[in-house]
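The values are calculated or read from the model by the stated rules, or taken from the named source; none is laboratory data. Everything numeric in this text was worked out from a predicted model, so none of it was measured. Cβ: placed from backbone, ideal geometry, glycine included. Neighbour counts: every protein chain shown.
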Amino acid sequence: MSTRRKFIKHSVLGGITLNSFEILNKSAQLFEPQHRKGLPVVIATWGPNTKATAAAWDILAKGGRALDAVEAGARVPEADPKDTSVGYGGFPDRDGHVTLDACIMDEFGMAGSVSFLQNIMHPISVARKVMELTPHVMLSGEGAYRFAREQGFPHENLLTEEARQAWENWKLKSEYKPVINVERHDTIGIVAVDQLSRIAGACTTSGAAFKMHGRVGDSPIIGAGMFVDNEVGGAACTGLGEMVLRTLGTFLVVEEMRRGASPQKATEIAVKRILSKYPKQCEEAQVGFIAIDKKGRHGAFAIHQGFNFAMYQNNENKVYEAGFIIPQKKN
Ligand code: ASP
């Protein structure tokens, strides 16, 4: 049986029409971007993160290091109380605690990460300190908090009144149901290639809203929420972390680029891997990947239509729509 027919057989995606299968099979051509050239470049999940790509660009345009650029970019939504998926203002877990996950990776393949961190506004900068100042890759929970405080990060209340209200409303039904594309400001994953072709990436989030206390998603896991390899390129993602954790999505994207796939094709392969393994879950849940390679070519692909990304390249900071498998339902 051909791979295509096998896929159709395994798929129980209610929303998918024949048309969508055509999209599925043609998607590589359909969405392959007309590549513009030029380094530096920075790409970030979600359109509203043009503010983050702008902060990163300030550093890249002056010849700065990709690592500094992605950290500066990630700090923008972390400090934004209106962004309900990252840092300050992030929606809490089901017990009312804002718990944060973040990771960062540099051009030498070094990595730092924090998970289940509370009361620290900039987990991405703590992750960088873990990478640079400790022999470890990841610190979690109370240990990550103590390390952050030792490094001079202030203790802050990250639960805004708006997020507290949203939690109170959620408690009325206490139903955990991830909603596709509704929270447009989502986890930020950000990858940059600087003028010297150095590649770095960062990812930071408050995780799935109203998750179980102690739940850690894909975002702080190197190779799941974000991965870079300076010889090849980098990738980051957003969406239902459990599906990315089970497939090590961004590692897969970078490995596919290493094997010769374009960034667009590589992101599509990672989405299709998730879809082929968890077709039922994909009906309801979104995952979107972004990628860039060492030449500054980009790609982005998601399960559902509606995922977009911000990219700053050739002095232009713009929002683009990602490729997708499942079209948005028309009302
Ligand atoms: N990937 C994040 C997580 O599962 C959440 C998101 O991107 O919406 O924690």
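So the values come out like this:
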quantity: Count of residues meeting criterion [more than 14 Å from the ligand (Cβ to nearest atom) and under 14 Å from the mean Cα position of the chain (by Cα)] in segment 191-216; calculated: 4
quantity: Counted residues, segment 221-266 - those being under 16 Å from residue 288 (Cβ atoms), away from the ligand (no atom under 13 Å from the Cβ) and within 12 Å of the chain's Cα centre (by Cα); calculated: 3
quantity: Residue 285 vs. criteria part of a loop (DSSP other than H, G, I, E, B), of a type in the set (A, V, I, L, M) and crowded, with 18+ Cβ neighbours inside 10 Å; calculated: yes
quantity: Residue within segment 117-139 that is away from the ligand (no atom under 16 Å from the Cβ), part of a strand (DSSP E or B), within 27 Å of residue 191 (Cβ to Cβ) and free of Cβ contacts under 8 Å to residues at least 40 places away in the same chain present; calculated: yes
quantity: Neighbours by Cβ (under 7 Å, 6+ apart or cross-chain): first from segment 247-259, at pLDDT 95 or above; second polar (S, T, N, Q); calculated: 253/267
quantity: Helices (runs of 4 or more DSSP H) wholly inside segment 158-261 that include at least 3 residues being under 20 Å from residue 100 (Cβ atoms) and hydrophobic (A, V, I, L, M, F, W, C); calculated: 161-173
